[in-house]
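Engineer: Have a look at this one.
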């Protein structure tokens with residue numbers, strides 16, 4: 001679940017230069033969202049909408065964890081109580097697919113559920129939560145890759161074709177940031193049908209990378225999971241990729 005980010009300070013956000021997008025930030029406790037919408041759809045009310053929904057999501061999750069503390073600490077999938085909120089259900093479904101603990105999907109699930117509040121109001125939506133991204137845009141976008149000290153950092157991007165369907169593109173790193181990873185990958189980037197699934201699978205694949213020799217193993221793990229459409233794994237000066245991951249040289253003006 002470690003994100004596609006420039007350490008904890010998140011200075012990668014200086015690269016948010018999506019075409020005709022207006023960005024704003026919503027921060028509640030550990031959740032720090034950078035949200036981009038098309039300029040034509042932007043209004044000041046969107047910030048309050050996203051803030052209120054984020055507060056509700058966090059409250060539901062925090063209250064549920066009080067009832068089932070294992071949800072927060074488990075490193076493998078668990079069964080849920082019957083009164084689990086929707087966010088916990090999405091996280092747990094993704095965790096079962098990726099064979100990780102449910103909190104491995106928290107950043108992606110939050111980005112996804114906040115983004116869904118905007119899709120009926122905005123033509124283009126990007127919600128980035130510590131590098132875990134929900135994206136719905138009919139325009140082609142390019143997502144910059146940050147991979148720690150690897151030479152690929154900020155030098156490559158992943159081109160995402162325009163689509164009317166939302167998707168997730170999330171990253172795990174064992175060398176960058178403070179989120180839990182059991183591996184040593186500089187970056188494992190997963191593209192999937194949902195951001196919760198992309199987040200969980202990125203964690204599961206990233207956990208497998210101890211050395212450059214493990215990159216293909218991480219790729220094989222991710223590609224076998226239904227809903228995953230692409231994966232990129234980086235360790236040091238080597239990378240491996242599979243699926244719908246068009247890797248392009250990065251220009252500053254191309255980043256989403």
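Engineer: Looking at the structure I just gave you, is residue 200 in contact with a helix residue (DSSP H, G or I) (Cβ under 6 Å, 6 or more places away or on another chain), without any contact (Cβ under 8 Å) to a residue 60 or more places away in the chain, crowded, with 24+ Cβ neighbours inside 10 Å and assigned to a helix (DSSP H, G or I)?
Structural biologist: For residue 200, the condition - in contact with a helix residue (DSSP H, G or I) (Cβ under 6 Å, 6 or more places away or on another chain), without any contact (Cβ under 8 Å) to a residue 60 or more places away in the chain, crowded, with 24+ Cβ neighbours inside 10 Å and assigned to a helix (DSSP H, G or I) - is not met.
Engineer: Let me ask something else about it. Out of segment 206-228, which residues are over 14 Å from residue 186 (Cα atoms) and in contact (Cβ under 8 Å) with a residue 40 or more places away in the chain?
Structural biologist: Listed by number, the residues that qualify are 225, 226, 227.
Engineer: Further, regarding this structure: Mind checking which residues of segment 76-85 are within 15 Å of residue 197 (Cβ to Cβ) and surrounded by fewer than 17 Cβ atoms within 10 Å (Cβ to Cβ)?
Structural biologist: none
Engineer: Of the conditions (1) farther than 15 Å from residue 166 by Cα; (2) touching a strand residue (DSSP E or B) at 6+ places or on another chain (Cβ under 7 Å); (3) modelled with pLDDT of 95 or more; (4) surrounded by fewer than 24 Cβ atoms within 10 Å (Cβ to Cβ), residue 189 clears all except one; give me its number.
Structural biologist: (4)
Engineer: Now a separate question. Considering only segment 165-183, state which residues are part of a loop (DSSP other than H, G, I, E, B) and either modelled with pLDDT under 90 or in contact with a helix residue (DSSP H, G or I) (Cβ under 7 Å, 6 or more places away or on another chain) (or both).
Structural biologist: Keep residues of segment 165-183 that are part of a loop (DSSP other than H, G, I, E, B), which gives 165-166, 173-183.
Hits for segment 165-183 are 166, 173, 174, 175, 176, 177, 178, 179, 180, 181, 182, 183.
Engineer: Got at least one residue in segment 94-111 being in a loop (DSSP other than H, G, I, E, B), surrounded by fewer than 24 Cβ atoms within 10 Å (Cβ to Cβ) and without any contact (Cβ under 8 Å) to a residue 24 or more places away in the chain?
Structural biologist: For segment 94-111, residues in a loop (DSSP other than H, G, I, E, B), surrounded by fewer than 24 Cβ atoms within 10 Å (Cβ to Cβ) and without any contact (Cβ under 8 Å) to a residue 24 or more places away in the chain: absent.
Engineer: Also, I was wondering about something else. When residues of segment 59-86 are filtered for being closer than 25 Å to residue 118 by Cβ and out of contact with any helix residue (DSSP H, G or I) (no Cβ under 8 Å at 6 or more places or on another chain), how many remain? Spell out the reasoning first.
Structural biologist: At the first step, the residues of segment 59-86 found to be closer than 25 Å to residue 118 by Cβ are 59-64, 84-86.
If we keep only those that are out of contact with any helix residue (DSSP H, G or I) (no Cβ under 8 Å at 6 or more places or on another chain) too, we end up with 59, 62-63.
Adding up the residues that qualify gives 3.
Engineer: Shifting gears a bit: Only one of (1) in a loop (DSSP other than H, G, I, E, B); (2) at pLDDT 95 or above; (3) crowded, with 23+ Cβ neighbours inside 10 Å is not met by residue 119, so which one is it?
Structural biologist: (3)
To keep it simple, each residue is scored yes or no on (1) part of a loop (DSSP other than H, G, I, E, B); (2) more than 21 Å from residue 98 (Cβ to Cβ).
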site	(1), (2)
126	no, yes
133	no, no
139	yes, yes
152	yes, yes
157	no, yes
185	yes, no
219	no, no
234	no, no
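Engineer: Right, here's the next one. Among residues belonging to segment 29-48 that are surrounded by fewer than 16 Cβ atoms within 10 Å (Cβ to Cβ) and part of a helix (DSSP H, G or I), point out the one that is nearest to the chain's Cα centre (by Cα).
Structural biologist: 47
The values are calculated or read from the model by the stated rules, or taken from the named source; none is laboratory data. Keep in mind that what you see is a predicted model, and the values were worked out from it rather than measured. No Cβ is skipped: glycine too gets one built from the backbone with ideal geometry, and neighbour counts run over all protein chains shown.
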